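Report on one structure; see the data block that follows.
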Amino acid sequence: MIKLNTTPLVRAAAIAGACAALVLLILVSIISSATSSGQAFAIASIMTYVLAIPIVILKIRAYHPFSRLGAANMVTLARLVITCLLAGLAAELLLSGAKLQNSLTWFFFGIAALGTALDGLDGFLARRFSTESAFGARFDMEVDAFQIFCLAVITALLLKAGWWVLLSGLLRYAFVAAALVYTPLSRPLFPSWRRKFAAVVQNSVLVMVMIPSVTQPESGYVAALALALLVYSFSVDVLWLTLKSPLRPARLS
């Protein structure tokens with residue numbers, strides 16, 4: 001018999017992950033029944049979660065120096081569930097060519113807006129209960145990045161902006177890929193409110209343009225402005241990492 005080497009923290013993460021999976025299955029079932037969504041929505045929502053949650057459970061022990069998961073990470077886990085639903089919507093729009101009715105657009109707008117609102121809550125809880133960790137920060141950042149990617153795909157498929165809007169969701173992954181071949185980009189970054197602000201603006205704008213009454217060209221204009229801010233933020237970080245010097249650590253911050 002194989003005995004798994006687990007800790008209370010890993011078991012807590014696994015239990016929380018299983019509970020979140022159950023919530024996701026219930027939500028997918030309800031949404032599919034209420035909206036007559038195709039299989040793409042259900043499969044993409046569930047598979048996204050199935051691929052993501054093992055990474056969360058495997059990584060938490062190494063980078064979370066606490067015995068409990070913490071309220072902040074629970075909120076981020078809820079945001080992951082919401083992002084999986086958005087991934088399902090993106091897949092449904094892409095594969096089925098379906099067009100959303102206004103009522104359904106408002107529904108998913110509400111889901112996306114809730115995910116964005118919760119983004120500020122997890123950081124507050126981590127600071128409030130002194131459970132900030134490298135794991136929590138990375139978990140939050142990756143959920144942010146994936147939500148932006150899903151929203152960018154939805155924005156393009158709803159014809160609220162051109163396909164260039166996908167750059168909003170791809171910049172983070174392009175940065176990670178570049179760091180694999182260009183060592184300076186793999187160095188730790190300094191904390192920055194500019195970086196957080198750019199991410200919040202990008203997320204909020206992509207949620208806002210989901211509103212049925214927000215149409216082209218206005219939706220394209222605001223998406224372009226948000227993308228420009230995000231490109232600027234990434235450019236500052238890339239330049240700082242490239243020119244990093246102990247004598248000038250904060251000039252580009």
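On inspection, PRO8 passes the criterion of being out of contact with any helix residue (DSSP H, G or I) (no Cβ under 7 Å at 6 or more places or on another chain), over 25 Å from TRP163 (Cα atoms), touching a residue at least 12 places away in the same chain (Cβ under 8 Å) and surrounded by fewer than 18 Cβ atoms within 10 Å (Cβ to Cβ).
For ILE154, the conditions (1) within 23 Å of GLY110 (Cα to Cα); (2) of a type in the set (Val, Ile, Thr); (3) more than 16 Å from the chain's Cα centre (by Cα) are fulfilled apart from (3).
Yes or no, residue by residue, for (1) aromatic (Phe, Trp, Tyr); (2) in a loop (DSSP other than H, G, I, E, B); (3) at pLDDT below 95:
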residue: PHE190; (1), (2), (3): yes, yes, yes
residue: ARG194; (1), (2), (3): no, no, yes
residue: VAL205; (1), (2), (3): no, no, no
residue: SER213; (1), (2), (3): no, yes, yes
residue: VAL222; (1), (2), (3): no, no, no
residue: ALA226; (1), (2), (3): no, no, no
residue: VAL231; (1), (2), (3): no, no, no
residue: VAL238; (1), (2), (3): no, no, yes
residue: LEU247; (1), (2), (3): no, yes, yes
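Residue check: is SER213 more than 20 Å from the chain's Cα centre (by Cα), surrounded by 17 or more Cβ atoms within 10 Å (Cβ to Cβ), of a type in the set (Ser, Thr, Tyr) and closer than 30 Å to SER103 by Cα? No.
If you check ALA177 against the conditions, is it part of a helix (DSSP H, G or I) and closer than 29 Å to LEU25 by Cβ? Against the criterion (part of a helix (DSSP H, G or I) and closer than 29 Å to LEU25 by Cβ), ALA177 does not qualify. Checking each residue of the range 19-40 against the condition of being buried (at least 22 other Cβ atoms within 10 Å of the Cβ) and more than 26 Å from LEU158 (Cβ to Cβ) gives no match.
Considering the range 93-150, and only residues there that are in contact with a Ser or Thr (Cβ under 6 Å, 6 or more places away or on another chain) and of a type in the set (Asp, Glu), the residue that is nearest to ASN203 (Cα to Cα) turns out to be ASP140.
Yes/no matrix, rows are residues, columns are (1) in contact with a helix residue (DSSP H, G or I) (Cβ under 9 Å, 6 or more places away or on another chain); (2) outside any helix (DSSP H, G or I); (3) over 16 Å from PHE108 (Cα atoms); (4) β-branched (Val, Ile, Thr):
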{"position": "ILE31", "(1), (2), (3), (4)": "yes, no, no, yes"}
{"position": "SER45", "(1), (2), (3), (4)": "yes, no, no, no"}
{"position": "LEU58", "(1), (2), (3), (4)": "yes, no, yes, no"}
{"position": "ASN73", "(1), (2), (3), (4)": "yes, no, yes, no"}
{"position": "ALA78", "(1), (2), (3), (4)": "yes, no, no, no"}
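Residues of the range 127-141 that are assigned to a helix (DSSP H, G or I) and not acidic (Asp, Glu): ARG127, ARG128, ALA134, PHE135, GLY136, ALA137, ARG138, PHE139, MET141. Quick one: is ILE26 assigned to a helix (DSSP H, G or I), without any contact (Cβ under 8 Å) to a residue 40 or more places away in the chain and of a type in the set (Val, Ile, Thr)? Judged against the criteria, ILE26 is a match.
Against the condition under 18 Å from PHE149 (Cα atoms) and touching a residue at least 60 places away in the same chain (Cβ under 8 Å), how does ALA113 come out, does it pass? So ALA113 passes the test. With respect to the conditions (1) in a helix (DSSP H, G or I); (2) touching a residue at least 24 places away in the same chain (Cβ under 8 Å); (3) of a type in the set (A, V, I, L, M), LEU69 lacks only one, and its number is (1).
The values are calculated or read from the model by the stated rules, or taken from the named source; none is laboratory data. Note that the coordinates shown come from a computational prediction; the quantities given were computed from them, not determined experimentally. Cβ coordinates were reconstructed from backbone atoms using ideal geometry, including for glycine residues, and neighbour counts include every protein chain displayed.
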